[in-house]
Amino acid sequence: MTATRRLLYNIAVPIALGIVRLWLWTCRVRHVEGAEHLTQALAKAPSMIPCYWHQHQLFCAKYLLGQRARGINVGWLISPSVDGELGAIAVRRLHGHVIRGSSTHTGARALRDYYQALVQQGVSPIVTPDGPRGPRFKFKPGAILLAQMSGRPMLPMAYAASRAWLIKWDKFVIPVPFSRISLALGPPRYVPRVLDAVGLEKLQIEMEGELKRLYQLAHEKLTQGRS
């Protein structure tokens, strides 16, 4: 990381965040279903594992960052590459916690760093179980293994927008300005300490179904609000 590049990053990131904040400010969150599940999880431990599809990053992350006053400290896994510094600067400016690593290239170490942040530092690391590389809407086992190791729950989440653009290659949801937003949170999901391969696969399928259910619930709330 050269001094020039760092300077450019420190100029570009605030500008980009300002545009995103303005964009999202025009959208209105009309309903949050299941907010009590976050309270339930925090009552048992200071940290958890929020889980939502990669495509639902914008407003799920925005909601969690808005809960800082309740004691939740949100974290993200950011690539250790030079380009990853862009994301790291953005997360720090949003008062999030940065975990440097790659689920693709340093998977075991990333899991260890997630565990340390979760248990030792009280950080709630975001896990997008399908990841930016997919396969889309497939719940990969990382969040489940982390919950098993730590004893902390997964907190499934989803959101829906009344109008949105979908990025072609990964269907990332970008709400149209002035659209309505609805979020849904599911019950905290704890994972038993002993879990065989069959049980792991079963839980992956269940969590896929739960995230699908939460999205449908969020979408239904938008429909009800319009009627």
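The values are calculated or read from the model by the stated rules, or taken from the named source; none is laboratory data. It should be emphasised that the depicted structure is a prediction, and the values quoted were computed from it without experimental measurement. We place every Cβ from the backbone using ideal geometry, glycine too, and count neighbours over all the protein chains shown. With ligands, DNA and RNA removed, areas are computed over all heavy atoms of the protein, side chains included. Shrake-Rupley method; radii C 1.70, N 1.55, O 1.52, S 1.80 Å.
Given the whole protein assembly as supplied and a 1.4 Å probe, what does the accessible area of Leu195 come to in Å², nearest 10? My reading of the accessible area for Leu195 is about 50 Å².
Considering only Ala158, Pro192, Ile174, the residue lying farthest towards the positive end of the dipole of the stretch 153-197 is Ile174, judged by Cα position with unit charges set on Cβ. Hydrodynamic analysis of the stretch 34-104 uses the Kirkwood radius over alpha carbon pairs. Inserted into Stokes-Einstein at 37 °C and 0.692 mPa s, it gives a translational diffusion coefficient of 248 µm²/s. Between Ser47, Leu8, Leu86, the Cα set farthest toward the positive side of the dipole of the chain (charges on each charged residue's Cβ, about the Cα centre) is that of Leu8. Computed over protein heavy atoms with a 1.4 angstrom probe, the accessible surface ordering of Trp165, Trp53, Trp25, Trp76, largest first, is Trp25, Trp165, Trp76, Trp53. Accessible surface of Arg136, taken over heavy atoms with a 1.4 Å probe and every protein chain present, rounds to 100 Å². Where only DSSP H runs of four or more residues are counted, the chain gives -14500 deg cm²/dmol as its mean residue ellipticity at 222 nm, each run worth -39500 (n - 2.57). For the stretch 24-173, the solvent-accessible area with a 1.4 angstrom probe is 46 square angstrom per residue. Electrostatic bookkeeping for Pro46 treats Lys and Arg as +1 and Asp and Glu as -1; over the other residues with beta carbon under 13 Å from its beta carbon, the sum is +4. With all protein chains in place and a 1.4 Å probe, the accessible surface of the chain carries 59 percent carbon and sulfur. With a cut-off of 15 Å between beta carbons, the residues surrounding Gly131 carry a summed charge of +2, where Lys and Arg count +1 and Asp and Glu -1. Of the residues Thr128, Thr223, the one with the largest accessible area comes first in the ranking Thr223, Thr128, computed with a 1.4 Å probe on protein heavy atoms. DSSP bridge analysis restricted to the chain gives an antiparallel fraction near 35%, rounded to the nearest 5. If you wrap the chain's Cα atoms in a convex hull and average its projection over all directions, what's the area in nm²? With every direction weighted equally, the projected area is 12.7 nm². Only lysine pairs 8 or more places apart or on separate chains count here, and in the chain those with Cα atoms under 24 Å apart total 20. Accessible area per residue (1.4 Å probe, heavy atoms of protein chains only) ranks Asp83, Asp113 as Asp83, Asp113, with the largest value leading.
A Cβ-based charge dipole, computed about the Cα centre of the chain with Lys and Arg at +1 and Asp and Glu at -1, lands at about 500 debye. Computed about the Cα centre, the dipole magnitude for the stretch 102-227 is approximately 320 debye when only Lys and Arg (+1) and Asp and Glu (-1) carry charge, each at its Cβ.
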